[in-house]
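The block underneath contains the structure these notes are about, expressed in structure tokens.
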Amino acid sequence: MGYAIAASAAGRGHAVRLVSGPVSLASPDGVAVSRVGTAAQMLAAVEDAFLWCDVLVMSAAVADWKPKAVSGQKLKKASMSAVLELEPTVDILRTVAKKKTSQLVVGFAAETENVVAQAHQKRIAKGLDLVVANDVSRTDAGFEVDTNAVTFVTGDGEALDLPLMSKVAVAEHLLDWIEKQRGQRPR
């Protein structure tokens with residue numbers, strides 16, 4: 001979804017920086033890409049980009065948890081415990097959204113139940129202008145398919161359902177909403 005948004009925004013003439021974890025997707029034309037491998041690297045790259053951006057769209061998140069201890073060498077079965085201790089990762093979206101001045105901040109919510117209610121709570125808790133919610137329990141939308149069905153949950157409590165469509169079409173609807181908020185004429 002992030003790659004579709006970045007490509008569509010660049011196609012509309014916006015300056016775009018895409019911060020991406022490891023993927024097999026090609027970089028979109030006209031988009032500056034920062035590739036990262038860890039949550040800490042992603043946070044640093046997003047914070048750096050946030051200094052100059054007008055709009056931040058966070059369409060994906062790193063894992064919510066990470067190993068508490070990381071070894072620099074191979075761990076042998078005989079010396080390992082069967083217990084894996086985890087600790088929470090930094091919530092990048094919440095961390096960056098707290099620093100907003102005039103930026104518009106959009107987050108995505110991948111949910112499996114009470115999708116709109118969860119998205120509304122996320123929008124409030126993280127101080128977002130819009131949450132794009134999607135039901136990732138669907139097999140025809142969300143992850144690892146080229147289609148998505150989303151609901152825009154806005155600051156005024158509105159929930160706008162978009163039907164199943166290509167991720168590029170979802171990106172275009174999102175960019176129309178963003179441009180309208182920024183006083184630009186949507187396409």
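Run the reach check for Lys76 against lysines, Cα to Cα strictly under 23 Å, same-chain hits fewer than 8 apart removed. What comes back?
By straight Cα distance, Lys76 reaches Lys66, Lys68.
Can you give the FRET efficiency to the nearest 0.05 for Glu144 and Lys180, using r as the Cβ-Cβ distance and R₀ = 35 Å?
0.70
Which residue, Glu47, Glu158, Glu87, tops the fluctuation ranking in a GNM of the chain built on C-alpha contacts under 10 Å?
With Cα springs under 10 Å in the chain, the top fluctuation among Glu47, Glu158, Glu87 is at Glu87.
Within the stretch 37-56, name every residue whose backbone N is under 19 Å away from a label modeled 7 Å from Cα of Leu160 along the Cβ vector.
Output list for this probe position: 55-56.
Nothing charged except the Cβ atoms of Lys and Arg (+1) and of Asp and Glu (-1): what's the magnitude of the dipole of the stretch 52-117 about its Cα centre? Round to the nearest 20 debye.
Working: 9 positive and 7 negative charges, 90 e Å.
Charge dipole, the stretch 52-117, about its Cα centre: 440 debye, nearest 20.
Can you tally the net charge around Leu56? Count Lys and Arg as +1, Asp and Glu as -1, for every other residue whose Cβ sits under 13 Å from the Cβ of Leu56.
Result for the local shell: +3.
Go through Leu164, Val36, Leu75 and say which Cα lies farthest out towards the positive end of the charge dipole of the stretch 26-175; charges sit on Cβ, +1 for Lys and Arg, -1 for Asp and Glu.
The listed residue farthest towards the positive side: Leu75.
Please give the Cα centre distance for the stretch 48-103 versus the stretch 107-142, rounded to the nearest Å.
What the calculation gives is 19 Å, centre to centre.
Magnitude of the Cβ-charge dipole of the chain, K/R +1 and D/E -1, about the Cα centre, nearest 20 debye?
Around 680 debye, computed over the chain.
Once you list every other residue whose beta carbon is under 12 Å from the beta carbon of Thr95, what net charge do they have if Lys and Arg are +1 and Asp and Glu are -1?
+3
Can you check what the net charge comes to around Ala45, using other residues whose Cβ is under 10 Å from the Cβ of Ala45 (Lys, Arg +1; Asp, Glu -1)?
Value of the local net charge: 0.
Tally the DSSP beta bridges in the chain and give the antiparallel ones as a percent, rounded to 5.
50 percent
Under 19 Å Cα to Cα from Lys99, which lysines show up? Leave out anything in the same chain fewer than 8 places away.
Lys122, Lys126
Each value in this text was obtained by applying a stated rule to the coordinates, not by laboratory testing. As the structure is a prediction and not an experimental result, all values here were calculated from the model. Please note: Cβ atoms are built from the backbone with ideal geometry, for glycine as well, and neighbour counts cover all protein chains shown.
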